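The structure under discussion appears below in the form of structure tokens.
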Amino acid sequence: MINKFVNCVKRGVKSGFHKVMDSRPVRCCVGVALGLFASTCKALADSGAGYEAGKNAISQASEQIAQYVPIATKLCYAIAGVVAIVGAISVYVKMNNEEQDVKKSIMMIIGACVFLIAAAQALPLFFGIEDGVITGF
């Protein structure tokens, strides 16, 4: 049963692809796109002057990222604190109302806080930053 369905889908996709590719405007657009791609690749391969400018731009971008990482880390900690406070209030209200899913709420809040703290710890490691200085590369 499943094999028949898969074969039917394959035939439909194949016939649809051939119908689209058999139309002249589509073939012309594909040809133009391939031509532009080839000429762009050739032009980029021929020009050797842009490497230094690209290298400088990448180094400036990495320095700016290094400046924002401590701020993003502190923001993650602040969000984790807010989640913990709001979650504690929510759990308190659920416990007073004697609802059934208190344990589930506690585990979700703890999971969210652990994730935010782990993300704040991993963010500098992901970018290879120690004390605001990029150590990777």
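The values are calculated or read from the model by the stated rules, or taken from the named source; none is laboratory data. Just so it is clear, the structure is predicted and the values come from calculations on it, not from any experiment. With ligands, DNA and RNA removed, areas are computed over all heavy atoms of the protein, side chains included. Shrake-Rupley method; radii C 1.70, N 1.55, O 1.52, S 1.80 Å.
Miscellaneous remarks
- For segment 54-137, radius of gyration divided by Kirkwood radius, i.e. Rg to Rh on alpha-carbons: 1.24
- Using a probe of 1.4 Å on the protein chains alone, the accessible area found for residue 79 is around 80 Å².
- Amide proton proximity set for residue 129, modelled H, under 5 Å, gap of 5+: 135
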